[in-house]
Amino acid sequence: MESIPALFRNTSDKERVIVVYTPAIPVENHIITFFRTNGYRVYKRSEVLGEISSHTDTLAIAGTHGKTTVSTMTAHILKQSHVDCSAFLGGISKNYNTNLLLGEGQYTVLEADEFDRSFHRLSR
């Protein structure tokens, strides 16, 4: 289990850990299997985004191509304005060097992924 950082291998701390995965992770993946077998809280990314979207005004970017680019640009515009936002991006933004932007605004920017209909979990 060297592929799992030591911080997360300590099963006595599992109540402090939430594991979030995407459908890109195969069901038989040894890492996700470790977390499930050891009783960690494991959630699909769309479940987590659905919960977040139920508490903020959501700007969901959909489409076949360009979701990451458009969501990053949308988040950047809001971050640079007086509006602000939080954002969950599908890739690492070069100007922020992260895929997670936390803000004080009422808006959350995220990608409405059509794969396996996960966008149906989004609330508002």
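The values are calculated or read from the model by the stated rules, or taken from the named source; none is laboratory data. Note that this is a predicted model, so its numbers are computed, not measured. Every residue, glycine among them, receives a Cβ derived from its backbone with ideal geometry; neighbour counts consider all protein chains shown. We work out accessible area using only protein heavy atoms, side chains counted, and drop any ligands, DNA or RNA first. Shrake-Rupley method; radii C 1.70, N 1.55, O 1.52, S 1.80 Å.
Structure notes:
- Rolling a 1.4 Å probe across the protein heavy atoms gives the chain an accessible surface of 64 Å² per residue.
- Neighbourhood charge, 14 Å Cβ-Cβ cut-off, centred on residue 102 and excluding it, Lys, Arg +1 and Asp, Glu -1: -1
- Diffusion coefficient, µm² s⁻¹, Stokes-Einstein with Kirkwood Rh over alpha-carbon pairs of segment 24-124 at 25 °C and 0.890 mPa s: 169 µm²/s
- The DSSP beta bridges internal to the chain are antiparallel in roughly 20% of cases.
- Note on the chain: GNM, Cα springs under 10 Å; of 44, 14, 79, the largest mean-square fluctuation is that of 14.
- GNM flexibility winner over the chain from 69, 58, 11 (Cα, springs under 10 Å): 11
- Remark: segment 1-113 carries a charge dipole of roughly 220 debye about the Cα centre, counting +1 on each Lys and Arg Cβ and -1 on each Asp and Glu Cβ.
- Ranking 47, 111, 2, 28 from most to least accessible surface, computed with a 1.4 Å probe over the protein chains only, gives 2, 28, 47, 111.
- Rel. contact order, % - alpha carbon contacts under 8 angstrom, at least six apart, the chain: 25 percent
- J(HN,Hα) series, segment 90-100, from Karplus relation 6.51 cos²θ - 1.76 cosθ + 1.60, nearest Hz, glycine and proline x: x, x, 7, 6, 5, 6, 9, 6, 7, 10, 10
- Residues whose amide H lies under 5 Å from that of residue 114, counting only those 5 or more places away or on a different chain, are 63; hydrogens are built 1.01 Å from N in the peptide plane.
- Here the chain has 55 percent of its accessible surface on carbon and sulfur atoms, given a 1.4 Å probe and all protein chains in place.
- For the chain, the residue among 19, 82, 53 whose Cα projects farthest onto the positive side of the dipole built from Cβ charges is 19.
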